[in-house]
Each structure stands twice: as C-alpha cells, then as structure tokens.
Amino acid sequence: MPTTDGPLLSVRDLVVRFRTHDGTVHAVNGVSFDVAEGETLGLVGESGCGKSVTNLAVMRLLPKPAGHIEGGEIRFEGIDLTKASEAQMRDLRGSDIAMIFQDPMTSLNPVLTIEEQMVETIRAHRPVGQKEARDRAIELLRMVGIPNPELRLRSFPHHFSGGMRQRVMIAMALALEPKLLIADEPTTALDVTIQAQVLELLQRLTTERGTAVILITHDLGVVAGMASRINVMYAGFVAETASTPVLFAEPRHPYTVGLLHSMPRLDSPEGEPLIPIEGTPPDLRRAPVGCPFAPRCAWRLPRCWEANPSLQPLVGGEPIVTTGPGVTHRIACWNPPTADEARIGRPLREGFVPAPPPGAAGTGAAASGTGGDVVVFAAGGDGQDGGTAAAGHSPEPAAPGRRS
Ligand SMILES: Nc1ncnc2c1ncn2[C@@H]1O[C@H](COP(=O)(O)OP(=O)(O)OP(=O)(O)O)[C@@H](O)[C@H]1O
Ligand code: SF4
Ligand SMILES: [Mg+2]
C-alpha cells in the first residue's frame, strides 16, 4: 500500500448528496480535514449536521442507492478512497479503518453469536486458524472489561446490556488493530457511569496502540476529555476548527459560542443560565445559499444571507497547520464575536442588530442579540426573522475574517 509523509487521513472538499423522492439532500457540502497518526479528532454538531455521513463516506458505506460522494477526495495513506475498488475497500475496512457505529444493534448480527462474529471478522482479515482467532476474541473481550469472556463468546447480541454491547463493538473494532478508528456516538445510549468507563477504555486502548480516532458526538463534554482537536460541524460544513483547549477558551464562530452556552460547564459561574440555541438547522433539501447559520445568528450581516464564508484562519499570514496540538484556529464566519461577546453570548456593539433577510427590511420583526438581559442566538425560523429596520446599517466591526 502506498504511504505518504502526510496525514493518515486527508479529506478535501468532500461533497455527499442523497437523491431521494423528496429531492436532493445536501448532507455534506465541501468538508476538509486531516487526521494524523495517533491523534483524536472530535466531531461535534447538532443532529443532522453531517457527522455520520462524512464518516460513512470515508468508510464508503453510504446508504445505497440514495447516497453518493459527489465531489472531493478522501486520502488514506495516500490512496484516494473515492476511487478505490470495492475489493480494496473491503480489505481496508476492519483491518486499517474500523468504525463503531451509532447503533450497536444495527452493526451486530442478531442471529450470530459474538464468537461467530468476532472469529469471522478476525479470520476475514488475518491468516489465522479458528483457535487462534477465538483466543484473540477472548483476549479482546477481556481487555474491554467483559467478565467471563470464554462463556460470553457464546452469547447473542441481545443477551448483552447496552453498555456491554458497546464494549463488544469496541472489541470488534479493535480486533484488527486499525490505524484509524471512527467512533460514532459510542456512548450516547449508555448511562453516565458506563459512559465514563467506555470512554476511558477507548482512550486507554487507543493511547496504548497509537490508534488515530475520529470521535463523533453531539456532546461537547464528551470530546473535551478525549479529543485533542475539534471540528464543529453545521449543516454539512465545518464551522470552526481548533485544538480542544482553544475551542473551549476562545470559541469564535457564533454557532460554537451558542453550543458552549447551551451546555453545563464546570468553569461557568454558579447559577449562570444555560441558553439553548433557538431555531432549527436548515432543511438540507435546499441547496445552501449564504451562511447556513444566518437564520439563527445574532451576529449576522447583510452579506451573510448571500455568501457563505469559507473556513479561514483567525490570524493570517502563517502556514496553516491542520493536525496536532498546534493546529491553526479557523472559522467560517464573516463577523466573528469578539472574545467578550463570545464570553457573554451576544453582540455587545452599540446599536448592532442582526441583518434581516433580503427584502425584509423594515418589517420590524423582533430579533436581536441586543435585547437587554435576554440573550438571543436565534431569531425565528428560516427566512422569517428579521431585525428592526437596520438592514444595511449594521456597523461592521473590524472582523478578523478575510474571506474571498
Ligand atoms: N439514507 C439517507 N437518505 C436521505 N438522507 C439522509 C440519509 N442518511 C442521512 N441523511 C441526511 O443527511 C444529513 C446528515 O445526516 P447525518 O446522519 O450525517 O447527521 P448526524 O450529524 O450524524 O446526526 P445525528 O447526531 O443525529 O447522528 C441529514 O439531513 C440526514 O437527514
Ligand atoms: S456572522 Fe454571518 S457568517 Fe458568521 S455565523 Fe453569523 S450568519 Fe454566519
Ligand atoms: Mg450521526
């Protein structure tokens, strides 16, 4: 297999669409990111923002016949997976790239015992006999904390609790020591104690083996302790990317600011209220026009309705680092909140109101992030909101974004 000195995984301008009876779903709209050997990348964002689909595309397991990769490159160790044959992909899946799926029951076969499934998986990728594969399965089940693994091998998936099934999934994913492990909401179905155990296990195993991980979750708390870097996704785009400490301390995309204000944090002052991000993500059956977050954004400018900003470094003039702890902080935003605004969760510029949709100037619909004590991230639904009659009059503060 060809290798490169570049990142283990390099995704560039990935576009995924679903052709359905209801129209085309614009699920992933030009996503780029890299993952280096041994690092853990967190992928967060609300439901439907394209986290799973991005990674199913990497695995080339998009639901057929609707799902298609319609553009971009996915390079794994230098090979463009968008062009790999099915046979090549079968070899890669499980041996080099493994995925823990969002719902373990959908990826474990209910009519086969754990032994049959694990032994078959191991033997499909390694030239080992039945006994050796079985011993390996036992070792892995023990490693993920399943008691009496010899006995439990004979169980069917429905004999396990949710937490134990997740462990079996992790054991199966790790069976072949993949170079890249994609964990899609590995702990969502679990109670908090088991969740912590499973995450700790995942972290330990991947640290010991130097496995690269893409950890997908809607929960920023989960990635905080696990991932060294975070990509925040919205409506099939990456809205912000930074190292984990930087993203938590200095979020600069309004959506990330919203996410952080909507979740409990240990470092928040006592009694500080949580502020949900109002409104809903856009309907992905419509082709994206302008910034997809505009209908919910308190910082939006008139141009936000028309032009979608690309992901750009906050500080220009330096080479862009795409992996590792020194990763360049990048956002896709025309009008990023200042540090003070990010902290408080709303624009603080005097007289600023979010720009109403084109043609809605003067309709006077209530909307703003300036409403006294009321902090507003959103202003109604898609195309229905609007500022006061301030269209085009919003002060455009010096924004670090230099979009083209
Ligand atoms: N089989 C499919 N057919 C049509 N649209 C689909 C299909 N699978 C996913 N989508 C759409 O693709 C978009 C992205 O979905 P995806 O599953 O990646 O979201 P997600 O970020 O993983 O959300 P969640 O947090 O709920 O798992 C959504 O709009 C979803 O409705
Ligand atoms: S300020 Fe504009 S570009 Fe930035 S998130 Fe808000 S709507 Fe999008
Ligand atoms: Mg998902």
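Read the figures in this text as sums done on the coordinates, not as results from a lab. Just so it is clear, the model here is predicted, and its values are computed rather than measured. Cβ coordinates were reconstructed from backbone atoms using ideal geometry, including for glycine residues, and neighbour counts include every protein chain displayed.
Listing for the model above:
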{"quantity": "Nearest-0.05 FRET efficiency for Thr113 and Thr24, computed from C-beta distance (R0 41 Å)", "calculated": "0.50"}
{"quantity": "Cα gyration tensor category, rounded, prolate or oblate, for the stretch 9-227 with a/c compared to 1.5", "calculated": "prolate"}
{"quantity": "Rough spin-label spacing in nm, given labels placed 7 Å along Cα→Cβ, for Leu348 and Glu318", "calculated": "2.4"}
{"quantity": "Pair Asp219, Glu37: separation of 7 Å Cα→Cβ label points (nm)", "calculated": "3.2"}
{"quantity": "Label-zone membership for the stretch 79-93, site Arg12, 7 angstrom Cα→C-beta point, backbone N under 18 Å", "calculated": "79-84"}
{"quantity": "Amide H partners (placed H, <5 Å) of Asn308, local residues excluded", "calculated": "Gly290"}
{"quantity": "Vicinal HN-Hα couplings computed from phi for the stretch 226-236 (Karplus, 6.51 cos²θ - 1.76 cosθ + 1.60; Hz; Gly/Pro x)", "calculated": "10, 9, 8, 9, 9, 9, 9, 9, 8, 6, x"}
{"quantity": "GluC sites (Glu not before Pro) lying in DSSP loop within the stretch 247-328, provided at most 10 other Cβ fall within 10 Å", "calculated": "Glu270"}
{"quantity": "Share, in percent, of DSSP beta bridges within the stretch 9-227 that are antiparallel, nearest 5", "calculated": "60"}
{"quantity": "Charge dipole of the stretch 9-227 about the Cα centre (unit charges at C-beta), most positive-ward option of Gly30, Gln195, His125", "calculated": "His125"}
{"quantity": "Cross-link partners of Lys64 among lysines (Cα-Cα below 22 Å; sequence separation of 8 or more within a chain)", "calculated": "Lys51, Lys83"}
